[in-house]
Each structure stands twice: as structure tokens, then as C-alpha cells.
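Participant: Below you will find the structure I want to go over with you.
The values are calculated or read from the model by the stated rules, or taken from the named source; none is laboratory data. What you see is a predicted model, and the numbers here were worked out from it, not measured in a lab. Here Cβ is always computed from backbone atoms with ideal geometry, including for glycine, and neighbour counts include all displayed protein chains.
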Amino acid sequence: MLIYNLNIFSVAPVIKVPNQLLGAPLNTDVQLECYVEAFPNTINYWVKNRAEMLMNGTKYSIREERSGYKVFMWMVIRTFSRRDIGTYNCVSTNSLGRAEGTLRLYGLVGDQRPKKSFVVHRKKGMS
């Protein structure tokens, strides 16, 4: 005899942001990440400075990976510049609710950049 037990549950979106404050050198690619847990399935998107919905394209590479009720969403900002500095929100919504995570992105310039160490060898007689 077979007995089926269906555990059906519903959960409004919950978002976890592993890195809420990110610094990146200019002219590099920067990845922002959010983890979502929700059921039923969610609609997910990214917003910059609470005004501009971001779209997948040449500047932003937006992806998500689903596994059951979990979604890993990430966005790569290509060739990070001063115009990209600001606040980003990952937003998730389903029939039970809406959630958002906040990430603040700033630029690393000058002596904030990771330093490379090197040794200079001089030959005798050279100044």
C-alpha cells in the first residue's frame, strides 16, 4: 500500500544579502548577490537608487538560479565606474508578499586599492 504525504506550504519572500556594503576598484566587474526563499515562485528584479529598474544587457548581466523554494539571484556590473556608485536593491515578490535586500556599492580609488608589493634590486655603481 502506498501512502502519499504532501507537505504543501506557502511562504512570502525572505531575502538574505551576504555582502551589504561592497567596495570595488573602478574599471572592474562587480558581482552583487541575494538569496531568496519563497513559495509560490517569485518574480525577482534589481533596482538602482530606488528609481531605476535594471535590465539584462551590455552594462548589467542579471541571472538567477532556482532550486525548489530557493532562488540565488546575482547581477554583474560590467566596467564599474563612478556612475555605478550607489544603492542597489534586489526585490522579490509573489502572491503572499514582497521583500527587498539593500546593497551599497562604493568605489575604491588611490591608496584604497589593494597594494602590490615588489622589490627593486640595484646594481652597484647605479644611483
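Participant: Just to verify a result, which residue in region 65-87, among those that are touching a strand residue (DSSP E or B) at 6+ places or on another chain (Cβ under 9 Å) and polar (S, T, N, Q), is nearest to LYS48 (Cα to Cα)?
Facilitator: Going residue by residue through region 65-87, those that are touching a strand residue (DSSP E or B) at 6+ places or on another chain (Cβ under 9 Å) are 65-66, 68-78, 80-82, 84-87.
Those left that are additionally polar (S, T, N, Q): 81, 87.
Details: SER81: 14, THR87: 6 Å.
Only one residue tops the list, namely THR87.
Participant: Right, another one. Can you find a residue in region 8-15 that is at pLDDT 95 or above, closer than 14 Å to SER92 by Cα, of a type in the set (Gly, Ala, Ser) and touching a strand residue (DSSP E or B) at 6+ places or on another chain (Cβ under 9 Å)?
Facilitator: yes
Participant: Take the conditions over 17 Å from the mean Cα position of the chain (by Cα) and either closer than 30 Å to ASN41 by Cα or at pLDDT 95 or above (or both) and apply them to SER95. Does it pass?
Facilitator: Details: over 17 Å from the mean Cα position of the chain (by Cα): yes; either closer than 30 Å to ASN41 by Cα or at pLDDT 95 or above (or both): yes.
Spelling it out, SER95 is indeed over 17 Å from the mean Cα position of the chain (by Cα) and either closer than 30 Å to ASN41 by Cα or at pLDDT 95 or above (or both).
Participant: While we're looking at this one, here's another question. Across region 41-98, what is the total count of residues that are among the polar types (S, T, N, Q) and more than 19 Å from VAL11 (Cβ to Cβ)?
Facilitator: Number satisfying all stated conditions: 8.
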